[in-house]
Every structure is written in structure tokens, then in C-alpha cells.
Amino acid sequence: MTAVAPTGAPAEDGADVAPTFTEEHEELRTTLRRFLTDKAPSEAVRRSMESADGYDPVLWRRMADELGLLGLALPEEYGGFGGGPVELGLVLEELGRALLPSPYFATVALAGQALAVSGDETAKARWLSAIADGSLTGTLAPAEENGSWHVEDVTAEAVPGGSDGDGDGDDWAWRVSGTKMFVVDGHSADLVLLVARTGTGPRMFAVAGTAPGVTRTRLETLDPTRRLARIDLDGAPAQPVGPEAADATAYLRRVTDLAMVALAAEQAGGAQACLDAAVEYAKVRVQFGRPVGSFQAVKHKCADMLLKVEAARSAAYHAMSVAAGISEETTAPVSAAAGGTRALSTAAAVAAVCCADAYTHAAKENIQIHGGIGYTWEHDAHLHLKRAKSSEQLFGSPAMHRRRLAGLVGITAPEATKGR
């Protein structure tokens with residue numbers, strides 16, 4: 001699997017990068033959509049979201065073994081297929097359409113990407129192969145009580161010293177204490193990558209989900225298809241991940257941008273599903289002797305939804321291409337701050353705003369067009385609205401991303417971008 005070739009290199013001024021999808025990409029999209037339609041219909045989604053695990057382990061194995069989805073965007077030398085943000089985005093777009101409850105987003109889009117761009121060969125060799133073959137689940141945990149993903153807001157602390165965590169020498173000879181909140185699939189992840197402060201600056205650390213000193217609590221959340229957790233750490237054994245530099249702020253911001261791009265792709269898929277459902281229902285629902293889609297008010301709703309969904313998809317694809325271009329051109333991704341990182345941050349912020357707004361708007365309008373049936377538990381419309389509202393706040397609100405974007409393009413001072 002080769003990544004899409006952007007038509008232009010990422011530039012410091014955020015020059016346009018147009019996505020170009022190959023036949024292989026389109027075949028990936030078609031195959032996955034067919035697989036999800038067959039194996040993960042609405043009934044299966046509801047069974048999974050109500051189960052103890054929160055997902056279907058059998059389907060997870062099939063995603064790994066039959067489709068190779070878990071290694072699709074990971075390097076070939078670690079058992080992956082050598083794809084990147086574009087391939088990952090296409091998968092997430094389809095998973096978002098299907099509302100599939102799965103650790104895929106947390107494991108591959110969050111933990112997998114964080115490891116892949118870390119420049120840490122030891123960490124990559126240790127965990128990426130297990131992620132690629134489906135034997136290890138992971139997640140990323142930067143946020144704390146205020147929900148912020150800003151590195152500057154981290155209060156968890158890591159200190160060196162103490163005995164190792166699992167008998168593998170001194171790999172786990174750091175200790176992390178603090179609380180991480182709103183951790184995607186944090187209740188069940190085998191590996192937790194978290195951000196903590198050290199004496200010289202923030203760094204990424206790996207902690208085993210079942211390590212001593214780790215207490216995990218599942219949170220009651222709006223979206224039943226995506227589970228979040230609170231993780232309390234009390235001297236938990238940890239291993240540093242990422243650049244050896246004392247302050248890994250640039251690396252951590254890169255990881256955050258990639259996570260935002262991945263979420264935007266998923267939101268674009270969910271928005272498209274809402275549009276498709278609304279249009280289909282407007283065709284078949286008859287009122288006053290004619291389909292409701294023939295009424296001007298409903299036509300306008302559908303047209304407005306289409307404009308927002310198309311804009312969201314364009315923003316997501318652009319961000320995916322910028323991320324792919326930087327990955328291809330940078331042999332040491334952690335040092336990309338001087339090259340295309342500003343372009344990636346800008347594209348990620350635009351995608352975060354457009355895709356969050358489009359998904360929430362489409363989910364609300366889908367319920368409106370369905371009328372009374374759209375409000376019932378048996379219909380999937382409410383599940384999309386809950387996913388849309390939950391995702392809208394996952395990495396910060398659209399208002400926060402707008403403030404960040406204003407700082408990136410020079411409208412406001414960069415410090416004005418903090419906060420939810």
C-alpha cells in the first residue's frame with residue numbers, strides 16, 4: 001500500500017495540497033464499505049456498544065486478519081503495509097459512516113500514529129508489530145481534568161528511579177503520577193501513551209494498562225458507541241517514548257495534529273451517513289400525497305447539508321494530504337517543526353472546525369427530516385447525533401480550534417488559542 005502522492009509539497013505558508021486517490025484507494029474504500037455493511041449493520045453496532053467490552057472481539061480479529069486494517073497505516077518494517085494518514089483517513093471515514101464501536105481509532109489513529117512518528121526505534125520495534133497484527137490495543141492520554149490537549153496544561157509528573165515494571169531491565173524505571181481524563185478506550189487498552197511533565201519539560205511515556213499504580217474507571221458519557229475512561233496513576237512504572245530531547249513539545253504537538261486529522265476524517269464519514277439517510281427518507285416518506293423531499297423547506301435542508309458535508313470532506317482530505325506529504329518528505333518526523341508542521345497545524349485546525357460543524361449540523365437535520373421516528377431509540381439518528389456532539393469536544397471545541405487557527409495565521413497572538 002503506497003500513500004497518496006500530493007500534488008504539491010507542504011509549505012510554511014499553508015499552500016494548497018490537493019488529494020489524488022488511486023484505484024487502490026478506491027478499492028480499499030469499496031471493500032471496507034461492503035465488509036461493514038455485511039458484518040456491522042445497525043443491529044451489530046447496538047450489540048457491540050452494549051457489550052462488556054464495548055466492541056466485538058471477533059470482528060476486531062477479522063479486521064486484522066482478513067483486511068489488514070490495523071497495519072494499513074504502519075511502516076512495513078514493523079508488520080504494516082506502509083500506508084499513512086491518507087489510507088488511515090479513508091478507513092476512518094468508512095468506520096465513521098458505520099458508527100462502528102471499535103478500539104481502531106484509539107489503537108491505530110492515536111497510539112499507532114504517535115509511535116510511528118516518534119523517531120524512537122526501540123518503542124516502535126516493541127509495540128508497532130503487535131498493533132499491526134491486532135494482538136495489542138492502545139490509546140493516547142494527554143488530557144486531564146479540564147479536557148485540554150495543550151501540552152502546556154499537563155500537570156501529571158514523571159520522575160526517574162525505582163524498580164522496573166516487568167523485569168525488562170530499566171525500561172520502566174520512570175514513575176508517573178497524576179490523572180488522565182476522557183481517554184478513548186482507556187478502560188481496556190493494553191498500552192497507554194500519556195504525556196507527563198519532567199524536570200526539563202513534557203515528554204511522552206508508555207504505561208501498561210494493567211501496571212501497578214494504574215486505576216482505570218469507565219466514564220458515563222453521551223456517546224454509547226465510543227467509551228472514555230479516567231486513568232489515575234500513582235507511581236506507575238513508565239517508559240519514555242519519542243525524541244531524546246529534554247523537551248518533546250514539538251513532537252507532542254505533531255501527534256495532536258495527526259489525531260485531529262484522523263478524527264476529522266471520521267466526522268466527515270458520519271456527516272455523509274446522516275446526509276444519505278436524510279435524503280433517502282425524504283424520497284420515500286409521503287405526506288399530503290407527495291414525498292416530503294418535494295417540499296421546498298426539506299429541499300433547502302438537504303442542499304445546506306450537502307454543502308457542509310462537501311466542505312468538510314474537502315477540509316479532511318486536504319489535511320490528510322498535508323500530513324502525508326510531511327511524512328514522506330521528512331526522514332526524521334520529530335524534527336519537522338522547522339518545515340511543514342505549521343502547514344499541518346493549520347490544515348488540522350481547519351479540518352477540525354469544518355468537520356465538527358458539518359457532522360453536528362447533518363446529525364440534527366437528519367433527525368428533523370425524519371420527524372417523530374428520528375427521535376426514537378430504535379432509529380440510528382440519535383446515535384449519530386451523540387457521536388457528533390461527543391467528537392465535537394474530544395480534542396477541544398470548534399471555538400478553541402478557531403482561536404488556534406487565528407493564532408496560526410497571524411490574526412491573534414498564539415497564546416490566545418488556549419482553552420476549550
Return the residues of the stretch 178-226 that are under 18 Å from the mean Cα position of the chain (by Cα) and of a type in the set (Lys, Arg); say none if nothing qualifies.
LYS180, ARG226
Among the residues of the stretch 348-390, write down those that are more than 22 Å from the chain's Cα centre (by Cα) and hydroxyl-bearing (Ser, Thr, Tyr).
TYR375, THR376
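Confirm whether THR107 is in a helix (DSSP H, G or I) and of a type outside the set (Gly, Ala, Ser).
Working: in a helix (DSSP H, G or I): yes; of a type outside the set (Gly, Ala, Ser): yes.
Yes.
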How many residues are under 14 Å from ALA265 (Cα atoms) and either surrounded by fewer than 24 Cβ atoms within 10 Å (Cβ to Cβ) or not assigned by TED's automatic domain parsing to the domain that holds LYS124 (or both) if we restrict to the stretch 62-86?
0
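Which of the residues belonging to the stretch 384-397 are assigned to a helix (DSSP H, G or I), touching a helix residue (DSSP H, G or I) at 6+ places or on another chain (Cβ under 9 Å) and under 18 Å from GLY269 (Cβ atoms)? Reasoning before the result, please.
As a first pass, look at the stretch 384-397 and keep what is assigned to a helix (DSSP H, G or I): 384-394.
This time we only want the ones that are touching a helix residue (DSSP H, G or I) at 6+ places or on another chain (Cβ under 9 Å), so: 384-389, 391-394.
Residues satisfying the conditions are HIS384, LEU385, LYS386, ARG387, ALA388, LYS389, SER391, GLU392, LEU394.
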How many residues are surrounded by fewer than 18 Cβ atoms within 10 Å (Cβ to Cβ) and either of a type in the set (D, E, K, R) or within 18 Å of the chain's Cα centre (by Cα) (or both) when one looks only at the stretch 110-136?
2
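From the set of residues in the stretch 319-343 that are touching a Pro at 6+ places or on another chain (Cβ under 7 Å) and at pLDDT 90 or above, which is surrounded by the fewest Cβ atoms within 10 Å (Cβ to Cβ)?
Here is the first cut: in the stretch 319-343, the residues touching a Pro at 6+ places or on another chain (Cβ under 7 Å) are 320-327, 334, 340, 343.
Next, from what is left, pick out any that are at pLDDT 90 or above: 320-323, 343.
Details: MET320: 33, SER321: 28, VAL322: 32, ALA323: 33, ALA343: 25.
Among those that are touching a Pro at 6+ places or on another chain (Cβ under 7 Å) and at pLDDT 90 or above, it is ALA343.
For the structure I just gave you, tell me whether LEU59 is surrounded by 14 or more Cβ atoms within 10 Å (Cβ to Cβ) and closer than 22 Å to TRP127 by Cα. If you could, list the steps in order and put the result at the bottom.
On the way: surrounded by 14 or more Cβ atoms within 10 Å (Cβ to Cβ): yes; closer than 22 Å to TRP127 by Cα: yes.
So LEU59 fits the description; yes.
Matching residues to (1) touching an Asp or Glu at 6+ places or on another chain (Cβ under 9 Å); (2) in contact (Cβ under 8 Å) with a residue 12 or more places away in the chain:
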| site | (1), (2) |
| --- | --- |
| ALA44 | yes, yes |
| VAL58 | no, no |
| ARG61 | no, yes |
| PRO75 | no, yes |
| LEU88 | no, yes |
| VAL108 | no, yes |
| ALA116 | no, yes |
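Hey, among VAL159, VAL154, which residue is over 30 Å from VAL58 (Cα atoms), surrounded by fewer than 20 Cβ atoms within 10 Å (Cβ to Cβ) and of a type in the set (A, V, I, L, M, F, W, C)?
Details: VAL154 fails: surrounded by fewer than 20 Cβ atoms within 10 Å (Cβ to Cβ).
After ruling out the rest, the residue left standing is VAL159.
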Please state which of the following conditions PHE81 fails to meet, knowing it meets all the rest: (1) out of contact with any Leu (no Cβ under 9 Å at 6 or more places or on another chain); (2) not in a helix (DSSP H, G or I).
(1)
Quick check on my filter: what residues within the stretch 227-241 are of a type in the set (Gly, Ala, Ser) and out of contact with any Lys or Arg (no Cβ under 6 Å at 6 or more places or on another chain)?
ALA236, ALA238
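Looking only at residues that are of a type in the set (Val, Ile, Thr) and not in a helix (DSSP H, G or I) in the stretch 223-277, which one is surrounded by the fewest Cβ atoms within 10 Å (Cβ to Cβ)? So that I can check it myself, show each step before the final result.
Filtering the stretch 223-277 for residues of a type in the set (Val, Ile, Thr) gives 225, 231, 241, 249, 255-256, 261.
Narrowing further to those that are not in a helix (DSSP H, G or I): 225, 231, 241.
On the way: THR225: 21, ILE231: 25, VAL241: 25.
Ranking the candidates gives THR225 first.
The values are calculated or read from the model by the stated rules, or taken from the named source; none is laboratory data. All values derive from a computational prediction rather than experimental measurement. Because the Cβ atoms are built from the backbone with ideal geometry, glycine has one as well, and the counts that use them run over all protein chains shown.
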